[in-house]
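Okay, here's the structure, questions in a sec.
The values are calculated or read from the model by the stated rules, or taken from the named source; none is laboratory data. Computed from a predicted model, the values in this text were never measured in an experiment. Glycine also receives a Cβ, built like all others from the backbone with ideal geometry; neighbour counts cover every protein chain displayed.
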Amino acid sequence: MSFSLLLHALEPKPDRKALEEITVNVRSVARADAAGILRGWFGIVSSGLSLEDATAFQTGLRTLGCETDIVPDGDIPSLHPDFRCQRIDLTPETLTLTTAMNRRQVRGLGELVFAAAGMVEREKQVSDYEMQTDVRYFEGGAYTVQVPTRITKSVEKTCFRIDLFFSAPMHRVSYEVERETVMFYGERHIRVGNKAESLALMADLSSLLPPDRLNRGLRELSTEPLYPSLQAYEEEIRWAFHRLGAKG
């Protein structure tokens with residue numbers, strides 16, 4: 001069985017050098033891992049640890065003022081697949097969620113159990129064409145021509161992301177906006193870079209639930225780049241779900 005270390009709270013966040021020092025007693029964690037651990041400091045410190053390493057890591061983190069729980073990896077909730085929508089309409093009693101194909105679902109606010117939102121850095125695969133030199137041969141020699149060649153590359157994109165979790169199917173509805181795309185909230189157009197519109201939506205969503213049922217992005221109403229990856233964003237949600245389950 002493997003184990004994870006789950007924080008009691010997201011603060012304090014230790015200094016990198018201090019974190020490096022305590023890893024010397026954790027066989028499966030190298031000093032070089034400290035930077036990545038801090039980059040993903042959103043509740044789940046590390047996973048896949050032996051009980052011995054988890055205990056040693058927990059002891060070291062305690063000396064830095066960071067309290068943790070040792071939890072079997074299998075006990076951390078997984079997230080449902082997301083159902084992508086493009087529009088939100090909110091009334092005092094309902095959320096109407098609409099896809100890009102105009103498929104609607106009306107959900108009672110009582111079904112909403114958790115909400116997350118924030119700016120997320122994502123690595124995405126994009127396709128483009130570039131001219132490359134191709135050599136053509138004929139009986140008397142050879143010549144070159146420029147031919148368009150399709151290439152795929154990874155690029156970092158900043159997205160505005162929303163995930164709404166419900167007690168009944170569909171359990172998870174998500175929205176993701178890039179610079180080239182848009183989502184709608186009533187009469188508002190939500191785009192990356194339009195902070196006022198994004199904040200208005202985040203403020204309204206944050207008013208629907210108590211703070212322990214919101215992620216950090218909604219609690220802090222932050223439209224600054226916050227989550228360094230989708231994994232970090234989702235791990236914070238899984239961490240919050242585990243804490244809610246532990247509280248009963």
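Given the criteria assigned by TED's automatic domain parsing to the domain that holds GLY217, touching an Asp or Glu at 6+ places or on another chain (Cβ under 8 Å) and closer than 27 Å to LEU214 by Cα, does THR94 qualify?
Spelling it out, it is not the case that THR94 is assigned by TED's automatic domain parsing to the domain that holds GLY217, touching an Asp or Glu at 6+ places or on another chain (Cβ under 8 Å) and closer than 27 Å to LEU214 by Cα.
Additional query: Within the group GLU178, GLU187, which residue is exposed (fewer than 12 other Cβ atoms within 10 Å of the Cβ) and not β-branched (Val, Ile, Thr)?
GLU187
When you look at ALA196, is it in the same structural domain as ALA115 (by TED's automatic domain parsing) and loosely packed, with under 10 Cβ neighbours inside 10 Å, yes or no?
It is true that ALA196 is in the same structural domain as ALA115 (by TED's automatic domain parsing) and loosely packed, with under 10 Cβ neighbours inside 10 Å.
Right, something else. For the stretch 1-108, which fully contained helices (runs of 4 or more DSSP H) count at least 1 residues that are aromatic (Phe, Trp, Tyr) and touching a helix residue (DSSP H, G or I) at 6+ places or on another chain (Cβ under 9 Å)?
Filter on the stretch 1-108 gives 51-63.
Any residue in the stretch 173-188 that's at positive phi: show its pairings with residues that are part of a strand (DSSP E or B) at Cβ separation under 8 Å, as long as the two are six or more apart or on different chains.
Taking only residues 6 or more apart or on different chains, the pairs are GLY186/ILE88; GLY186/ASP89; GLY186/LEU90.
Looking at ILE44, ILE70, can you tell me which residue is among the hydrophobic types (A, V, I, L, M, F, W, C), in contact with a strand residue (DSSP E or B) (Cβ under 6 Å, 6 or more places away or on another chain), surrounded by fewer than 16 Cβ atoms within 10 Å (Cβ to Cβ) and closer than 25 Å to TYR227 by Cα?
Of the residues listed, the single one that is among the hydrophobic types (A, V, I, L, M, F, W, C), in contact with a strand residue (DSSP E or B) (Cβ under 6 Å, 6 or more places away or on another chain), surrounded by fewer than 16 Cβ atoms within 10 Å (Cβ to Cβ) and closer than 25 Å to TYR227 by Cα is ILE70.
Given the options LEU218, LEU230, name the one that is surrounded by 20 or more Cβ atoms within 10 Å (Cβ to Cβ), within 18 Å of LEU79 (Cβ to Cβ) and of a type outside the set (Gly, Ala, Ser).
Selected residue: LEU218, the only one of LEU218, LEU230 that is surrounded by 20 or more Cβ atoms within 10 Å (Cβ to Cβ), within 18 Å of LEU79 (Cβ to Cβ) and of a type outside the set (Gly, Ala, Ser).
Enumerate the pairs (first residue in the stretch 51-78 and in contact (Cβ under 8 Å) with a residue 60 or more places away in the chain; second residue anywhere and in a helix (DSSP H, G or I) and of a type in the set (Val, Ile, Thr)) with beta-carbon separation below 8 Å, excluding pairs fewer than 6 apart on the same chain, so at least 6 apart or on different chains.
These pairs meet every condition: ILE70/THR55.
Now, a different point. Which one is nearest to GLY193 (Cα to Cα), of the residues in the stretch 120-144 that are at pLDDT below 75 and in contact with a Ser or Thr (Cβ under 6 Å, 6 or more places away or on another chain)?
GLU123
Also, quick follow-up: Give ARG107, ARG87, ARG103, ARG150 a once-over and let me know the one that is in the same structural domain as GLN231 (by TED's automatic domain parsing) and surrounded by fewer than 12 Cβ atoms within 10 Å (Cβ to Cβ).
ARG103
Is it the case, given these coordinates, that GLY43 is modelled with pLDDT of 95 or more and over 19 Å from ALA232 (Cβ atoms)?
Spelling it out, it is not the case that GLY43 is modelled with pLDDT of 95 or more and over 19 Å from ALA232 (Cβ atoms).
Of the conditions (1) out of contact with any Leu (no Cβ under 7 Å at 6 or more places or on another chain); (2) part of a helix (DSSP H, G or I); (3) among the aliphatic types (A, V, I, L, M), VAL113 satisfies every one except a single condition; which number is it?
(2)
Let me ask something additional. Say whether the condition of being under 29 Å from SER174 (Cβ atoms), at pLDDT 95 or above and loosely packed, with under 12 Cβ neighbours inside 10 Å is met by at least one residue in the stretch 47-61.
yes
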